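Here's the structure we're looking at; comments come further down.
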There are 2 protein chains.
Amino acid sequence: MCPAKVNDRYDRGFIIPIGGGEKKVKTSSILNRFIELSGGRDARIVIIPTASRLEDTGDRYLEVFTEIGVKSVSVVSLDQREDCEDMIKLAKLEDATGIFMTGGDQLRLSTIIGGTSVSKLMRKANSEGVHIAGTSAGAAFIPEHMIAFGRGGATPKSGLATLAPGLGLTNKVIIDQHFRERGRLGRLLSALAYNPFAIGLGVDEDTAAFIGPDDVIEVIGSGGITVIDPTDLQHSSMADVGRLKPVCLIGIRLHILLDGGRYDLSTREASPASG
Amino acid sequence: MCPAKVNDRYDRGFIIPIGGGEKKVKTSSILNRFIELSGGRDARIVIIPTASRLEDTGDRYLEVFTEIGVKSVSVVSLDQREDCEDMIKLAKLEDATGIFMTGGDQLRLSTIIGGTSVSKLMRKANSEGVHIAGTSAGAAFIPEHMIAFGRGGATPKSGLATLAPGLGLTNKVIIDQHFRERGRLGRLLSALAYNPFAIGLGVDEDTAAFIGPDDVIEVIGSGGITVIDPTDLQHSSMADVGRLKPVCLIGIRLHILLDGGRYDLSTREASPASG
C-alpha cells in the first residue's frame, strides 16, 4: 500500500487530524471550518463512528453538524469488514463532500476498514477533493504510518510507539493526538526515530491540523500542535538499544504552533499566526 | 550577581548537575567520576546537605564516598544564613577539592546560601579548579538562572516555570532534573522561552552532565540528557500570552544524549558516544 495518489485533474481534499476532545458545539471553529470547506449548508457529510464502541458517538456529531446548518448528514456504521463492501454504504460515501471519523480505538478502524472497498474509496475521494477529518483515533488512522498504541513520557525509548499501516491519505506526517494532555512527545519521537523521513504532528485536544492540498498546515483550535522535524537528524541509536531503553537522537527541530500558525510540509518552514 | 568569573591562572573546576535518584553505591559511575576528578583517595570532599530537611541525607553520601575510598569526607551543615559565615565551616569548604550538594528543595539552597560568604567561596573555588556537583535540587541551584518550581507537562505554557537567581557557576545552561521521570520538557521550554540565550539541560535520574572547563559536557549515567538549543529560535509568543496559556515557539533544536554522549556549549554541537 502506498499513500493515496493525488489525481492531477483535481486538487486533493483537505486532510484534517483533530487531537480529540474538540468542543462538540455549534460554535466550534474546527467543526465549522470543516463544514465550510465541504460546502457549508450544501455539504454532504458522512460520519464514520467505527473507532468507537459506543452506540451514540455518530449521532452526537450528526446533531452538531445539523445544528451548524448542514442539510445532508448521515452516519455510516461499519462494524465488520463485510459492511465495508455494502453497496448502499459505499454509495453514501461516494456521494460525500466531507467524511468525518470519530474517536475510539484506531485499531478498530484499521482492522475493520483496512484493505476494503471503503478504504479504497476514501483514498480516491480525498485525492479528488473530498475533505477527510478524523478526531483522536480517527486522526491517528489518517496517515500511511499510524501509531497503533504506546506509552506516555516526554523522552523517546525503543518500543515506546508501535506503528501499523494506517489509511494512507499521506505519508508526509505521523500523527499523535491528545498530545499535551497525555504527554506523548516521547512516543512521537520514538515513532519518528525508526525512520526519520516523516514530520511528526503532536496535536493537542480541541485543536486540528488543516493540511491543505498544497501541503501547508494551518492550526485551528484552543491548544497547540507540536511539529517535530527530523530533516537534520544526525544520529539515531534506535537500531542499537534494547526494548524500552532510551534512544539517542541528535538534531531534532521542534516548533510549537498555536491557532492560526502555519507549517509548510514541502519547505518545512513554520510561521506564527499573523497579526 | 554575574556568573562566576573564570580565573585565567586556573582551569575552572567541573560543574556537575545530576538529575537526582543516582545510585548511592560504591560502583556508581557518576559518584566515582566525581571522586576521580577531585583527586581520588586523596580528594577532600565536602557535602552540603542544606537542600534536604532529613537529618541523615549528608551521612548517606559520607558513607558512600568513604566506601569509594576517599580518606577525607565531611558534612558541612548550613541550616541558617548565619552558618554561612561560620569560620570553621568556611575553612572546611576552602580546603575542599570537591563539593557535593544533595537533593531536597532548591529554594532552601538559594534562601540560605544565596549572597553569603559560602556562596562567594563556592563560586571562587569553582573558578580556581574545585569541582562542584549537585543532585536534584543541588543541580537546579548550580546555574545563574535556577528553575525554582513549576508544573509538569510536555509542552510550554506561560508561567509553567518560575525562575530565580541560583548559585551562578555558569549562565550558559538552565537545568531541570528528574527530567524524563517527571515529564518536564514543557517546564524547561517555558524557562528558555522567556529569554532564549541559554541552553536547556533536562537531566534524567541517575544521570549527570559533567561540564568541563572547556564547556564540553559529557553525559554519564543510566538515563539521558535532553539538550534544548534555542539558538535559531525565530519566534516566541511568551510576551503575548496569558498565564498558563500555551506558548508558540518556532525553531527549537533538540538532542537526546545518552551515556558517553557529548555536547559543546561553545559550538553547540552534539555527538553520540563513540564506539
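The values are calculated or read from the model by the stated rules, or taken from the named source; none is laboratory data. A quick note: this is a predicted structure, and the numbers were derived from the prediction, not measured. So basically every Cβ, Gly included, is an ideal-geometry build from the backbone, and we count neighbours across all protein chains shown.
Side notes on the structure shown:
- Segments classed as strands (runs of 3 or more DSSP E), wholly inside the range A:70-161, with at least 3 members that are under 13 Å from the mean Cα position of the chain (by Cα): A:98-101, A:131-135, A:145-150
- Scanning the range B:49-106 for residues that are farther than 23 Å from B:Tyr10 by Cβ, free of Cβ contacts under 8 Å to residues at least 40 places away in the same chain and of a type in the set (Asp, Glu) gives B:Glu55, B:Asp56, B:Asp59, B:Glu63, B:Asp79, B:Glu82, B:Asp83, B:Glu85, B:Asp86.
- Residue satisfying condition, being of a type in the set (Gly, Ala, Ser) and within 30 Å of A:Glu85 (Cβ to Cβ), within set A:Ala140, A:Ala161: A:Ala140
- Residue satisfying all of: in the range B:241-270; in a strand (DSSP E or B), more than 7 Å from chain A (Cβ to nearest Cβ) and in contact with a strand residue (DSSP E or B) (Cβ under 6 Å, 6 or more places away or on another chain); farthest from A:Pro272 (Cα to Cα) among these: B:Arg262
- Inclusion of A:Thr231 among residues that are of a type in the set (Ser, Thr, Tyr), within 12 Å of chain B (Cβ to nearest Cβ), within 18 Å of B:Gln234 (Cβ to Cβ) and surrounded by fewer than 24 Cβ atoms within 10 Å (Cβ to Cβ) is warranted.
- Criterion applied to B:Thr231, B:Thr207 was being within 15 Å of the chain's Cα centre (by Cα) and either under 20 Å from A:Ser158 (Cα atoms) or not aromatic (Phe, Trp, Tyr) (or both), and the one residue passing it is B:Thr207.
- Scan the range B:242-257 for residues that are of a type in the set (Lys, Arg), within 27 Å of B:Glu205 (Cβ to Cβ) and in contact (Cβ under 8 Å) with a residue 60 or more places away in the chain and the total you get is 0.
- Residue within the range B:61-74 that is within 29 Å of B:Glu218 (Cβ to Cβ), of a type in the set (Asp, Glu) and modelled with pLDDT under 95 present: no
- Scanning the range A:155-187 for residues that are within 14 Å of chain B (Cβ to nearest Cβ) and closer than 23 Å to A:Phe14 by Cα yields A:Asp176, A:Gln177, A:His178, A:Phe179.
- Test: B:Arg180 is surrounded by fewer than 24 Cβ atoms within 10 Å (Cβ to Cβ), part of a loop (DSSP other than H, G, I, E, B) and among the basic types (Lys, Arg): no
- For the range B:188-204, filtered to residues that are within 10 Å of another protein chain (Cβ to nearest Cβ) and over 17 Å from B:Gly251 (Cβ atoms), the residue that is farthest from the chain's Cα centre (by Cα) is B:Asp204.
- Conditions (1) of a type outside the set (Lys, Arg); (2) in contact with a strand residue (DSSP E or B) (Cβ under 6 Å, 6 or more places away or on another chain); (3) within 11 Å of chain B (Cβ to nearest Cβ); (4) not in a loop (DSSP other than H, G, I, E, B): number failed by A:Glu218: (3)
- Some residue of the range A:24-47 being surrounded by 18 or more Cβ atoms within 10 Å (Cβ to Cβ), touching a residue at least 60 places away in the same chain (Cβ under 8 Å) and in contact with a Ser or Thr (Cβ under 8 Å, 6 or more places away or on another chain): yes
- Residue list for the range A:193-209, restricted to those being crowded, with 22+ Cβ neighbours inside 10 Å and more than 17 Å from A:Ala161 (Cβ to Cβ): A:Asp204, A:Thr207, A:Ala208, A:Ala209
- Filtered residue count, the range B:141-159, keeping only those that are more than 21 Å from B:Gly20 (Cα to Cα) and surrounded by 20 or more Cβ atoms within 10 Å (Cβ to Cβ): 3
For (1) in a strand (DSSP E or B); (2) touching a strand residue (DSSP E or B) at 6+ places or on another chain (Cβ under 6 Å); (3) free of Cβ contacts under 8 Å to residues at least 40 places away in the same chain, each residue gets a yes or a no:
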{"position": "B:Pro196", "(1), (2), (3)": "no, no, no"}
{"position": "B:Ala209", "(1), (2), (3)": "yes, yes, no"}
{"position": "B:Pro213", "(1), (2), (3)": "no, no, no"}
{"position": "B:Val227", "(1), (2), (3)": "yes, yes, no"}
{"position": "B:Thr231", "(1), (2), (3)": "no, no, yes"}
{"position": "B:Ala239", "(1), (2), (3)": "no, no, yes"}
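To keep it simple, each residue is scored yes or no on (1) surrounded by 21 or more Cβ atoms within 10 Å (Cβ to Cβ); (2) modelled with pLDDT of 95 or more.
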position	(1), (2)
B:Gly98	yes, yes
B:Gln106	yes, no
B:Thr111	no, no
B:Lys120	no, yes
B:Lys124	no, yes
B:Glu128	no, yes
B:His131	yes, yes
B:Thr135	yes, yes
B:Ala139	yes, yes
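- Qualifying residues in the range B:38-69 (those that are outside any helix (DSSP H, G or I) and β-branched (Val, Ile, Thr)) - the one farthest from B:Phe210 (Cα to Cα): B:Thr50
For every residue, the table says whether it meets (1) closer than 23 Å to B:Arg151 by Cα; (2) modelled with pLDDT of 85 or more.
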{"position": "A:Gly152", "(1), (2)": "yes, no"}
{"position": "A:Ser158", "(1), (2)": "no, no"}
{"position": "A:Lys172", "(1), (2)": "no, yes"}
{"position": "A:Asp176", "(1), (2)": "yes, yes"}
{"position": "A:Arg182", "(1), (2)": "yes, no"}
{"position": "A:Ala191", "(1), (2)": "no, yes"}
{"position": "A:Asn195", "(1), (2)": "no, no"}
{"position": "A:Val203", "(1), (2)": "yes, yes"}
